[in-house]
Amino acid sequence: MAKLINAILDLVFPISCVICGREKTWLCPACAGAVVLRPFRSCPECLKVSTGGAACGSCRTDSPLSGLTAAAPYSDPAVRKLICGLKYGRARSALPAVVALLRRSNVSSRLPPADLIIPVPLHRVKKHLRGFNQTELIAAEFAGDLGLPVSVGNLARRKKTEPQAKLRDEERSKNLRDAFQIVNRGEIDGKRVILVDDVFTSGWTMREAARVLREAGASEVWGLAVAYG
Ligand SMILES: [Zn+2]
Ligand SMILES: [Zn+2]
């Protein structure tokens, strides 16, 4: 079924390079180097400039995230188109171009040593409707670069949440409270975790997931996102 839907999508909305429009590719070889990478170099908590995206001195003790690595700003139209392409039904074909951004940005060199990669989960109903979780696909594809195992299903989404962007500040933390749970604490306890998401915007989701991981005993949680903003 998914194959048929993709074939129809390809006919109705042919894939084309997000920069020059050349057909049948998300990012043609000639344009691959043209996407401007501006790695995230701020504290993920207060957004003050920091070295390599590490949490700053004043946020370090309270933030569940020790830092964030991300390749490019989401405000860049090419980056946004690639990530939207990945999210809305064209996963397999857009995935290599998205992961190539991480590779070109050399994020592996900016991440600290870790034990485990965990993608931010989608609620199972949402995953079922979409047919996949794009963040899981990114994590699986990139895991080899980091030489780390990926854990899927242990960090689970317990309830459906409203998109954070639609909510006011005070509603956001309430919306996410109890959104995540850990199925098997033994796998997390004492481990250094890389938490993966496609985009880091307000950071609420990633921080809440990191908080639950720290509660389960993770010794450190670093975020990895393709885009931020
Ligand atoms: Zn092109
Ligand atoms: Zn800070």
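Laboratory data are not the source of any read-out in this text; all were calculated from the coordinates shown. Source: prediction; values computed, not measured. FYI the Cβ positions are ideal-geometry reconstructions off the backbone, even for glycines, and counts take in every protein chain you see.
Rounded to two decimals, the Cα radius of gyration of the stretch 47-158 over 2.2 N^0.38 Å is 1.14.
Between P113, P14, P64, the GNM of the chain built on Cα springs shorter than 10 angstrom shows P14 fluctuating the most.
Within a 10 angstrom radius of the beta carbon, how do E23, E187, E215 rank from fewest other beta carbons to most? Listing E23, E187, E215 from fewest to most nearby Cβ atoms yields E23, E215, E187. Taken along the Cα-to-beta-carbon direction at a fixed 7 Å, the label points for S108 and V183 span 2.8 nm. Against the chain, whose longest principal axis comes from its Cα atoms, helix 2-12 is set at around 50 degrees.
Of all lysines in the structure, those lying under 28 Å Cα to Cα from K3, and not within fewer than 8 positions of it along the same chain, are K24, K81, K87, K126, K127, K160.
Coupling constants for the stretch 199-206 follow from the phi torsions by the Karplus curve (6.51 cos²θ - 1.76 cosθ + 1.60, θ = phi - 60°), and in residue order they are 10, 9, 10, 6, x, 4, 4, 5 Hz; glycine and proline get x.
When +1 charges are put on Lys and Arg Cβ atoms and -1 charges on Asp and Glu Cβ atoms, the dipole computed for the chain relative to its Cα centre reaches about 460 debye. What share of the DSSP beta bridges in the chain is antiparallel, in percent to the nearest 5? DSSP beta bridges in the chain are roughly 25 percent antiparallel.
Working note: Cα atoms of the chain, range along each principal axis, descending, whole Å: 50, 38, 37. More than 21 angstrom separation, counting every C-alpha pair in the stretch 128-229; what % is that? Across the stretch 128-229, Cα pairs with separations above 21 Å total 35 percent.
Rounded to the nearest 20, the Cβ-based charge dipole of the stretch 1-120 about its Cα centre (Lys and Arg +1, Asp and Glu -1) stands at 260 debye. With one equal scatterer per alpha carbon and no solvent term, the Debye-computed log10 I(q)/I(0) for the stretch 1-75 at 0.11, 0.15, 0.20 1/Å reads -0.52, -0.69, -0.81. Calculated [222 nm] ellipticity per residue, helices only, for the chain: -10500 deg cm²/dmol; basis is -39500 (n - 2.57) per DSSP H run with n ≥ 4, divided by all residues, nearest 500.
Report the Cα centroid-to-centroid distance between the stretch 117-177 and the stretch 24-83 in angstrom, as an integer. Result: 18 Å between the Cα centres.
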